[in-house]
Number of protein chains: 2
Amino acid sequence: MHLSNSNIKAIAFDADDTLWRNEDIFIHAQDEFINLLLPYHDEAYIRAHLGEVQIKNLEHFGYGIKGFTLSMIETAIELTEGRISGNEIHEIIQLAKCMLASPVDLLPNIERVLSQLKGKYRLLVITKGDLLDQESKLSRSGIADYFDDIEIVSDKTSDAYLQILQRHQISAENFLMIGNSLKSDVLPVLDLGAQALHVPYHSTWDHEKVTDDTLLRYPQLEALSDIDQLISWLNSSTRENRQAV
Amino acid sequence: MHLSNSNIKAIAFDADDTLWRNEDIFIHAQDEFINLLLPYHDEAYIRAHLGEVQIKNLEHFGYGIKGFTLSMIETAIELTEGRISGNEIHEIIQLAKCMLASPVDLLPNIERVLSQLKGKYRLLVITKGDLLDQESKLSRSGIADYFDDIEIVSDKTSDAYLQILQRHQISAENFLMIGNSLKSDVLPVLDLGAQALHVPYHSTWDHEKVTDDTLLRYPQLEALSDIDQLISWLNSSTRENRQAV
């Protein structure tokens, strides 16, 4: 792998679990959902079935809290063979509204990192999920002004990244993507000949997981908060076989 | 009102009920929903309550089928005081999946209109709703290639239009928006000093309705399918007090 970081002119950040905590909100909601269904089934079975329904529904509902909520409701009905009560389903809808209103909890040091990069690089956010929810989080985050462009996409495929680069007239060789998901933030970007840095989050949704073997093969930053590490990576010139910084 | 149509370089179209039928899908789903709840309440009461829940939930869920479905479920629970069965709620989720999979039914003559404008004007789609659903409809419509840019926004405010014009470096004086909703497609665009043409659809969601008095004050095209009418409007030079073409 031949990387010349000094070429980088535009840096894009994933949002959920890269700029702010997000998976925790889903994990908490899932725990509440499991509590609701414990009178009917054991935890492992509920968790596995919800995961299946979620994946199956991605093609209909896409990513985001609204689709997740419809999947929770569908799971609850299926696992209780329709015996779940209206009031219990109402609790699931309330759970969705709580998720949507959760405070945006920035990861450590994010503002310091962005303020050091601002002006030196063109800064973007590229995130997937529900449009209104992502816009609302960005607006509530207080960091929207650091970014030159915001892109909310339905899925992070190579083609989606290519369209964004073309729209903003950014060459792949000048582009770096930073995010917590190898599947969404790293692999499709490397496919285009651009660069990507993986910043793992402490928990990853199963659907976004790749094997440990794959994990080790790509440039990784331990934490986005370590700006010195990032700056040193950005300033380094061509280096062979970079695995991590 | 002083309009010089010859300045127009970019034409943006709303999608739902302007390029293809959409409200009919919601009306059909709503009828099915009302049938489901008729054992509990009368039609007018169900309809009114669903409308209220929908408007109240817009701030949480935004526009689109997923939010509408969550509102139907919430309404069903409230109107039955939780007595609605899981199986009945499952029918509502199935209704959502049917809505999302509905064929895209283009309005008459749309392809002919687009093919005559293509090359002479920069053509855009500006639509609101769920990202994945709008992308999917555009892709299934078969007309995506006529457009230079697609913009899916969470709400059609003047500010949202301004951001789009700035992003694409289009001056307000060179911009024309065409759509079926005075509230979303016409008024916010005229506010920016750009031009807008209202093409009424046979049915409008209450939330998008304005008074008849407002309706009559803005440039209106009877049907988008009448390309001669549109071309004559586009080619006409400055004209005072244009009300309709």
task: Output the Cα-based Rg and Dmax of region A:62-124 in Å, rounding Rg to one decimal and Dmax to a whole number.
output: 19.2, 59
message: How far, in nm to one decimal, is B:His168 from itself in the other copies if the label point is set 7 angstrom along Cα toward Cβ? Shortest first, please.
response: 1.9
- prompt: Could you give the radius of gyration (one decimal) and Dmax (whole number) of the Cα atoms in region A:12-150, in Å?
  reply: 17.6, 59
- line: Stokes-Einstein, Kirkwood over Cα pairs, chain A, 20 °C, 1.002 mPa s; D in µm²/s equals 112 µm²/s
field: Label-point gap, in nm, between B:Asp191 and B:Ser85 - each point 7 angstrom along Cα→Cβ
entry: 4.8 nm
query: Could you give, in nm with one decimal, how far B:Ile150 is from each other copy of that position, shortest first, with labels 7 Å out from Cα toward Cβ?
result: 2.1
message: Placing the label point 7 Å from Cα along the Cα-to-Cβ direction, what are the distances from B:Glu32 to the equivalent spots in the other copies, shortest first, in nm to one decimal?
response: 2.9
field: Per-bin percent of Cα-Cα distances, the protein assembly as shown [10 Å]
entry: 4, 18, 26, 24, 19, 9, 2, 0
query: Going 7 Å from the Cα of A:Ile150 toward and past its Cβ, which residues in region B:118-154 have a backbone nitrogen under 20 Å from where you end up?
result: B:126-135, B:150-154
task: Name the long-range amide H neighbours of B:Val153: under 5 Å, sequence gap of 5 or more, or other chain; modelled H, no Pro or chain starts.
output: B:Thr127, B:Lys128, B:Gly129
- prompt: Among A:Lys137/A:Lys183; A:Lys118/B:Lys156; A:Lys128/B:Lys137; B:Lys56/B:Lys97; B:Lys97/B:Lys183, which pairs are too far apart, with a Cα-Cα distance over 26 Å?
  reply: A:Lys118/B:Lys156; B:Lys97/B:Lys183
- prompt: Along the positive direction of the dipole of the protein assembly as shown (beta-carbon charges: Lys, Arg +1; Asp, Glu -1; about the Cα centre), which of A:Ser171, A:Thr18, B:Ala160 reaches farthest?
  reply: A:Ser171
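Under a point-charge model restricted to the Cβ atoms of Lys and Arg (+1) and Asp and Glu (-1), what is the dipole moment magnitude of the protein assembly as shown relative to its Cα centre, in debye to the nearest 20?
1740 debye
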- prompt: How do the peptides A:151-160, A:190-199 rank, highest first, by the average count of neighbouring beta carbon atoms within 10 Å per residue?
  reply: A:190-199, A:151-160
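Rounded to two decimals, what is the ratio between the C-alpha radius of gyration of region A:107-176 and 2.2 N^0.38 Å? Before the final figure, lay out the partial values.
Values: Rg = 12.8 Å, N = 70, 2.2 N^0.38 = 11.1 Å.
So the Cα radius of gyration is 1.16 times the expected 2.2 N^0.38 Å.
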message: Could you check the spin-label model distance between B:Asn174 and A:Asp105? Points 7 Å from the Cα along Cα→Cβ, value in nm.
response: 4.8 nm
- line: Scalar couplings 3J(HN,Hα) for region A:9-18 by Karplus 6.51 cos²θ - 1.76 cosθ + 1.60 (θ = phi - 60°), nearest whole Hz, x for Gly and Pro, are 10, 10, 10, 10, 10, 5, 9, 4, 6, 10
- request: Would you mind calculating the gained length between B:Arg112 and B:Asp31 on full extension (0.36 nm times residue separation, minus the Cα-Cα distance), in nm to one decimal?
  value: 25.8 nm
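Dipole of region A:23-101, Cα-centred, from +1 at each Lys and Arg C-beta and -1 at each Asp and Glu C-beta, to the nearest 20 debye?
Values: 5 positive and 13 negative charges, 50 e Å.
With only Lys, Arg, Asp and Glu charged at Cβ, the dipole is about 240 debye.
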- prompt: Expressed as a whole number of Å, what is the distance separating the alpha-carbon centroids of region B:153-197 and region A:1-74?
  reply: 35 Å
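Can you tell me the FRET efficiency between B:Ser139 and A:Lys120 if r is taken as the Cβ-Cβ distance and R0 is 45 Å, rounded to the nearest 0.05?
Numbers: r = 38 Å, r/R0 = 0.84.
The pair B:Ser139/A:Lys120 has a calculated efficiency of 0.75.
Over region A:23-101, what portion of Cα pair distances is larger than 17 Å, expressed as a whole percent? Provide the component values of the computation, followed by the final result.
On the way: 1179 of 3081 pairs.
Cα-Cα pairs in region A:23-101 separated by more than 17 Å: 38 percent.
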query: Taking every pair of alpha-carbon atoms in region A:143-191, what share in percent sits in each 5 Å bin, from 0 to the bin with the longest distance?
result: 5, 18, 31, 28, 15, 3
message: Taking 0.36 nm per residue of sequence separation and subtracting the Cα-Cα distance, how much length would be gained by fully extending the chain between B:Thr157 and B:Arg217, in nm to one decimal?
response: 19.6 nm
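All of the numbers you see were taken from the coordinates with simple rules; none came from a lab. Here the structure is a predicted model, which is why all the values come from computation and not from measurement. Note that each Cβ is placed from the backbone with ideal geometry, even for glycine, and that neighbours are counted across all protein chains shown.
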